[in-house]
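One structure is given here, and the rest of the page talks about it.
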Amino acid sequence: MALKNYNPTKTNSWYKLSEHFNASQNIVLKELFQNEENRKGKFSIVLDDLEVDYSKNKITQETIDLLVELANEVELKDAIEKYFTGEIINATEGRAVLHTALRSTNEDAILVDGKDIKPKIQTTLRKIRAFSNKVISGKWKGYTGKSITDVVNIGIGGSDLGPDMVVESLKFYKNKLNTHFVSNVDGDHVSEVLRNLNPETTLFVIVSKTFTTQETISNANTIKNWFLKSASIFDVAKHFVAVSTNLDAVYDFGIDKNNVFPMWNWVGGRFSLWSAVGLSISLAVGFDHFRGLLDGAEEMDNHFRTANFEENIPVVLALLSVWYNNFYGAETEAILPYTQYLSKLPSYLQQAVMESNGKGVDRNGEEVSYQTGTIVWGSTGTNMQHAFMQLVHQGTKLIPADFIGFKTSLHGLEDHHEKLMANYKAQMDALAFGKTKEEVHLELKTSGDLDKINSLLPYKVFQGNRPSNAILFEKLTPKALGKLIALYEHKIFVQGIIWNIYSYDQFGVELGKELAKKILKK
Ligand code: G6Q
C-alpha cells in the first residue's frame, strides 16, 4: 500500500495552527520562562544517554498539541509502519526504503519481493567483519607481501559523504589505518590524495551502487592506472575491492568476486552508510565500533517507532521545523555541533535533508502551494561564534538552530571542556533571552561609558526570542553518533510525510549530469 495523499494546508489541524500562529506569534520566550516554573522539564525528552531540550522554542503546550494533531491527521503512525515494514514508499522509483533494516537485530522478517532480506544483511555484516579484521590485523597482504597502511574510499554523494563524516566523527576510536576519501572528478583531488600513498600498502574501496557514476569511475580508472605503473594487472585483486549492485561492471574492472560487497536498491545512497558502503568506517575504527554505530541507530529506530508523538524526539523536532518553515516563514536551519569531531555533519545533513525534501511536486503529482524542504547549514562551536553567529543573533532572519553537545570530552582537558560547554549554553541563552535596552543602559553606565549611551545603545540590544534545540549526549561514542544520525533520518521522513512529497527520489540531480555528458561529447 502506497503512502496516503493529503494537502497538509487543507487539514483541520493546519487551519487551527494558522489561527494559533496569528494569535501567538508575539510570544516572548523570556516571559514564558518567567511564568512557567518547569518549562525546561516540560519540553524535554530523555532517551538513555540523550536529552533533547526544546523549551527555547516559540511554542506553548497548545502549539505542540496542534502539531501532534497535524501528525495524526496526516496518519503519520501508519506511514511509519509502512516505512519500517518495507512498503514501496519510494513510489517514484518503485522501491522500499529500508535503511532501518540494516541495523535491525530483532527476529522479524522484512520481505522485499516476497523474500526476507535479513539473512542477506547478516551475511554481508559477517563479510565486513571478516574483511576488516584481516586488513586491520595486517593479515591481508599487498602485492609485495606488505600489510595495508592506508585505505582510500572512492565514491561520491551518498557513497562518500556518510562514510567520510562518520570516519571523521569517530577519529578518536581509529586504529592504525589511515583513511582517505576521493570524490570530486576534479583531477587535483585524486592527485593530492595519491601524492603520498604507496601502492604496495594501499587498499582502494570503490563504492558505487550503480558503478556507472562518472566521477567515481573516472577516479577509479585513474587510480588503477597509477597502481599499474608499479604493479601488474594480477595484483589488482589484492588492492581493489568494491561495494556495488552492478556486479558485471565490477568484474570488468578486474575486481575479484570474493572482494565485492553487495548493496541493494532498497537502500538509498544518502542513507547507505549502515550497509557495506560503511566498509571504510569498519576498516577505520574496527567492526565492533561499526556495530556500535548500528546499535545506536537501532535504539533511535525503536524509539521513533514506538514512542508517543509528544515524547518522540524525531517527531517533535520535525514538527517544530514545520512550525518555523511553514508558519514563521523561516528558510534555513543551523546545525551547530559543539565538538570538532562533528565538523562534517552539516554537509552530510545538507545532502540527507536537501536531496530528500527539496521537492516541489506533491504525492498527487501537483505542484505544491506551500514551502517544503528547509535549507540546512552550519559549523562547529565555538569557531562559528567568531564568524556567522552575528547574523543569527542580530540579523533580520529567523534561523532555528540545533546545538549538539556532549557532557564529557574524549581526551579529557577538563578546563577546555568546561569553556566549550559554557559557550554552548551561553549561545542558546543569548538567542532566547537577548539583552534589553535597560540592561545595555546599565552596562554602559557602570562601565563609565555614559557619553556613548545614545550612540551605541541600539546596536548593543539583542532582541532575543530566537529558537534553538539543545541535543545533549553524555559522550561522543559510536552508539551516540548512530542515534544522532538516525534522529535526523527520521526527522526527514516525518517532514516528507507532512509535506506530502516523495523524499526518497532525487530526479533533481539528473538534468545537470545529462547535460554535462552532452557537453563532454561535443
Ligand atoms: C544519494 C544519491 C547520490 C548517489 C551518488 C553516487 O541518495 O543517489 O548522492 O549516492 O550519485 O551514486 P553511486 O553510488 O551509484 O555511484
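The values are calculated or read from the model by the stated rules, or taken from the named source; none is laboratory data. From a predicted model like this one, the values you see are computed outputs, not experimental measurements. Because the Cβ atoms are built from the backbone with ideal geometry, glycine has one as well, and the counts that use them run over all protein chains shown.
Miscellaneous remarks
- Filter result for residue 245 (at pLDDT below 95, closer than 30 Å to residue 483 by Cβ and surrounded by fewer than 24 Cβ atoms within 10 Å (Cβ to Cβ)): yes
- Of the candidates 418, 331, 414, 367, the single residue that is touching a residue at least 24 places away in the same chain (Cβ under 8 Å), acidic (Asp, Glu) and at negative phi is 331.
- Scanning the range 132-157 for residues that are closer than 20 Å to residue 253 by Cα, more than 16 Å from the ligand (Cβ to nearest atom) and not in a strand (DSSP E or B) turns up 142, 143.
- Restricting 483, 460 to residues that are closer than 30 Å to residue 305 by Cα and basic (Lys, Arg) narrows the list to 483.
- Residue list for the range 487-522, filter: away from the ligand (no atom under 16 Å from the Cβ) and touching a residue at least 24 places away in the same chain (Cβ under 8 Å): 487, 490, 491, 494, 495, 497, 498, 499, 500
- Scan of the range 34-73 for residues that are surrounded by 13 or more Cβ atoms within 10 Å (Cβ to Cβ) and over 31 Å from the mean Cα position of the chain (by Cα), ordered by number: 36
- The single condition among (1) buried (at least 16 other Cβ atoms within 10 Å of the Cβ); (2) under 18 Å from residue 432 (Cα atoms); (3) in contact with a Phe, Trp or Tyr (Cβ under 7 Å, 6 or more places away or on another chain) that residue 385 does not meet is (3).
- Count of the range 43-66 residues which are in contact with a Lys or Arg (Cβ under 8 Å, 6 or more places away or on another chain) and more than 30 Å from residue 295 (Cα to Cα): 2
- Residues that are in a helix (DSSP H, G or I), more than 16 Å from the ligand (Cβ to nearest atom), among the hydrophobic types (A, V, I, L, M, F, W, C) and crowded, with 20+ Cβ neighbours inside 10 Å, drawn from the range 158-177: 167
- Considering the range 273-306, and only residues there that are assigned to a helix (DSSP H, G or I) and of a type in the set (Phe, Trp, Tyr), the residue that is surrounded by the fewest Cβ atoms within 10 Å (Cβ to Cβ) turns out to be 287.
- Counting the residues of the range 212-234 that are within 16 Å of the ligand (Cβ to nearest atom), surrounded by fewer than 18 Cβ atoms within 10 Å (Cβ to Cβ) and either of a type outside the set (Val, Ile, Thr) or on the phi > 0 side of the Ramachandran plot (or both) gives 3.
- Unmet requirement for residue 455, which otherwise passes all of (1) among the small types (Gly, Ala, Ser); (2) in contact with a Gly (Cβ under 7 Å, 6 or more places away or on another chain); (3) exposed (fewer than 12 other Cβ atoms within 10 Å of the Cβ): (2)
- If the condition is being hydrophobic (A, V, I, L, M, F, W, C) and either in contact with a Pro (Cβ under 9 Å, 6 or more places away or on another chain) or assigned to a loop (DSSP other than H, G, I, E, B) (or both), then the range 356-401 contributes 368, 376, 377, 387, 388, 398, 399, 401.
- Scanning the range 323-350 for residues that are crowded, with 21+ Cβ neighbours inside 10 Å and either at pLDDT below 95 or within 16 Å of the ligand (Cβ to nearest atom) (or both) yields 348, 349.
- Lone unmet requirement of (1) in contact with an Asp or Glu (Cβ under 7 Å, 6 or more places away or on another chain); (2) within 16 Å of the ligand (Cβ to nearest atom); (3) under 28 Å from residue 287 (Cα atoms); (4) not small (Gly, Ala, Ser) for residue 204: (1)
- Residues in the range 267-277 that are within 13 Å of the ligand (Cβ to nearest atom) and either within 22 Å of residue 295 (Cβ to Cβ) or among the aromatic types (Phe, Trp, Tyr) (or both): 267, 268, 270, 271, 272, 273, 275, 276, 277.
- Residue pairs whose Cβ atoms lie under 8 Å apart, separated by 6 or more positions or on different chains, with the first residue in the range 207-233 and within 23 Å of residue 281 (Cβ to Cβ) and the second of a type in the set (Phe, Trp, Tyr) and within 14 Å of the ligand (Cβ to nearest atom), are 211/253; 217/211; 220/253.
- Residue 254 vs. criteria away from the ligand (no atom under 13 Å from the Cβ) and either small (Gly, Ala, Ser) or farther than 24 Å from residue 95 by Cβ (or both): yes
- Complete set of residues in the range 388-403 that are exposed (fewer than 15 other Cβ atoms within 10 Å of the Cβ) and free of Cβ contacts under 8 Å to residues at least 12 places away in the same chain: 390, 391, 395, 396
- Those residues of the range 355-371 which are within 29 Å of residue 405 (Cβ to Cβ) and crowded, with 19+ Cβ neighbours inside 10 Å, in sequence order: 355, 356, 357
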